[in-house]
Amino acid sequence: MDSFIGLLSKEYLTDVEIQSVLPLLKTDLRDPGVIDQLLKHNILNIITKELLLKKSSEEQVKLLLSGSIPIVPKDIPLVVFLVIKSYPQLFRELFQYLIKLDDTTKKSIVNNILFEGEYLYFLCKLLKNDPMFVSEIIAKSKVDRNLLEILSSSTEPEVLFRVSNLRPILEKDHDLIKALLSNPYTPDESLVYLKQILVDMSLEKPEQEVGEEKSIEEKESERDISDDDLPKEIKKEVEENLYQKISKMTIPQKIKLALKGNKSARMYLIRDPNKQISTSVLSNPKITEDEISFMVRNKSTPEHIIREIGKNNTWINNYSIAKDMVFNPKTPLDISMNLLGRLSLSDIEKLSKSKDVPTALKNQALRIFQAKIGKK
């Protein structure tokens, strides 16, 4: 404290000295003389002084965060800090304020010396779905185990992708890796990498140097890692955690997951009885033609899903998907009949002999086949 008072007693403080004084604001500061010095050096102003001393009412703080009371740009990091310190119960209002800030201002908050430890953790809980914010934290080497635990619950795939690449921290903690594996928003490419880390750890391979470039062979082997390579107890725990999380979600949360989730989430939600949820899966930009092919082959896929797939020209122009749709007895007859003319002669012949498809489709296939081979 004496060192702070000594600095504040100076007539003028440099930027470096001001930075060294800021940690004083983390203490339970009540000394009027010290506060006057902070005002003198423009470290505090009338608004931030009231926040520090908790003299502002909640309504006044809400007005401040809503923009009704203007905040000088350079004071924004301090205001955010003091709201967290003195009014943590207003986290919803603070969240709404933070998400409206531009990237430059968010960076100034991350780089502020006040945001370390519990204050940074609080901030991360609010902005764990902001890729720029998280990237800045990682770039500034402000990441530790506690921070990763918060970020591993993000619902933003880009954030989870960045977190999953922090191998030097992750490989020291099984629980963090399992949390990421159990998160239905973790991108599929990150899941492969995380499983590779677990497999490497189980085989007790030497740690790879940070920043060391992987060989092509290593990258190829990572792409081959599957759930079957994981220890059985971890695989079971990850699956149970994943499905428990999804089953507890509300309808809006499931729709969001359907649109942004990974393959495991998509395969789970495509079977959801709520048509709005299951149909939303098809709008997920990460969905692959292999997944669509699996859906149209699977006889348990709901009819409304097959009908939606049939409306997508990109998918039905894939011969394998078109063929699988025709051979699936759950495919609506109007769609099957429409796609019949796209099949090869050998597949039409197989269809004409199938015992699974509707009789009308089978008879039409026989007529087409006989016409093409010139048989009356």
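The residue list Ser202, Ser221 contains one member that is small (Gly, Ala, Ser), at pLDDT below 55 and more than 30 Å from Ala258 (Cβ to Cβ), which is Ser221.
Considering the range 308-354, the qualifying helices (runs of 4 or more DSSP H), each wholly inside and each with 2 or more residues that are under 24 Å from Ile287 (Cβ atoms) and under 41 Å from the mean Cα position of the chain (by Cα), run over 313-316, 319-327, 333-340. Taking the stated definitions as given, is Glu11 buried (at least 18 other Cβ atoms within 10 Å of the Cβ) and over 37 Å from the mean Cα position of the chain (by Cα)? Considered against the rule, which asks whether it is buried (at least 18 other Cβ atoms within 10 Å of the Cβ) and over 37 Å from the mean Cα position of the chain (by Cα), Glu11 comes out as no. The condition of being touching a helix residue (DSSP H, G or I) at 6+ places or on another chain (Cβ under 7 Å) and surrounded by fewer than 16 Cβ atoms within 10 Å (Cβ to Cβ) holds for only one of Ile138, Ile169, that being Ile169. For the range 62-71, the count of residues that are surrounded by 11 or more Cβ atoms within 10 Å (Cβ to Cβ) and charged (D, E, K, R) is at least one.
Contact map, the range 340-361: residues that are within 14 Å of Ile373 (Cβ to Cβ) paired with residues that are assigned to a helix (DSSP H, G or I) and of a type in the set (Gly, Ala, Ser), Cβ distance under 7 Å, separation 6+ or inter-chain. Pairs shown: Ile348/Ala365; Ser352/Ala365. The single condition among (1) outside any loop (DSSP other than H, G, I, E, B); (2) at pLDDT below 85; (3) over 22 Å from Leu151 (Cβ atoms) that Ile234 does not satisfy is (3). When the range 30-53 is limited to residues that are acidic (Asp, Glu) and exposed (fewer than 15 other Cβ atoms within 10 Å of the Cβ), the one that is modelled with the highest pLDDT turns out to be Asp36. Just one of the listed residues (Ile316, Ile335) is touching a residue at least 12 places away in the same chain (Cβ under 8 Å), closer than 14 Å to Ile292 by Cα and aliphatic (A, V, I, L, M), namely Ile316. Go through the range 240-277 and give me each residue that's out of contact with any helix residue (DSSP H, G or I) (no Cβ under 6 Å at 6 or more places or on another chain), free of Cβ contacts under 8 Å to residues at least 40 places away in the same chain and not in a loop (DSSP other than H, G, I, E, B). The answer is Glu240, Tyr243, Gln244, Ser247, Ile251, Pro252, Gln253, Met267, Gln276.
Residue count for the range 90-113, restricted to those that are in a helix (DSSP H, G or I) and either touching a residue at least 24 places away in the same chain (Cβ under 8 Å) or touching a Cys at 6+ places or on another chain (Cβ under 9 Å) (or both): 15. What about Leu78, is it at pLDDT 95 or above, surrounded by 17 or more Cβ atoms within 10 Å (Cβ to Cβ) and either in contact with a strand residue (DSSP E or B) (Cβ under 9 Å, 6 or more places away or on another chain) or closer than 30 Å to Glu17 by Cβ (or both)? The answer is yes for Leu78.
State all residues of the range 55-89 that are among the charged types (D, E, K, R) and farther than 18 Å from Leu114 by Cα; if no residue qualifies, say none. Result: Lys55, Glu58, Glu59, Lys62. The single residue among Glu349, Glu308 that is surrounded by 15 or more Cβ atoms within 10 Å (Cβ to Cβ), within 27 Å of Ser264 (Cβ to Cβ) and either acidic (Asp, Glu) or out of contact with any helix residue (DSSP H, G or I) (no Cβ under 6 Å at 6 or more places or on another chain) (or both) turns out to be Glu308. Assessment of the range 104-121 against the conditions (more than 19 Å from Gly261 (Cα to Cα), under 18 Å from the mean Cα position of the chain (by Cα) and of a type outside the set (Phe, Trp, Tyr)) yields no matching residue.
Out of curiosity, is Thr27 surrounded by 14 or more Cβ atoms within 10 Å (Cβ to Cβ) and within 36 Å of the chain's Cα centre (by Cα)? So Thr27 fails the test.
The values are calculated or read from the model by the stated rules, or taken from the named source; none is laboratory data. Keep in mind that this is a model prediction, so the values were computed, not measured. No Cβ is skipped: glycine too gets one built from the backbone with ideal geometry, and neighbour counts run over all protein chains shown.
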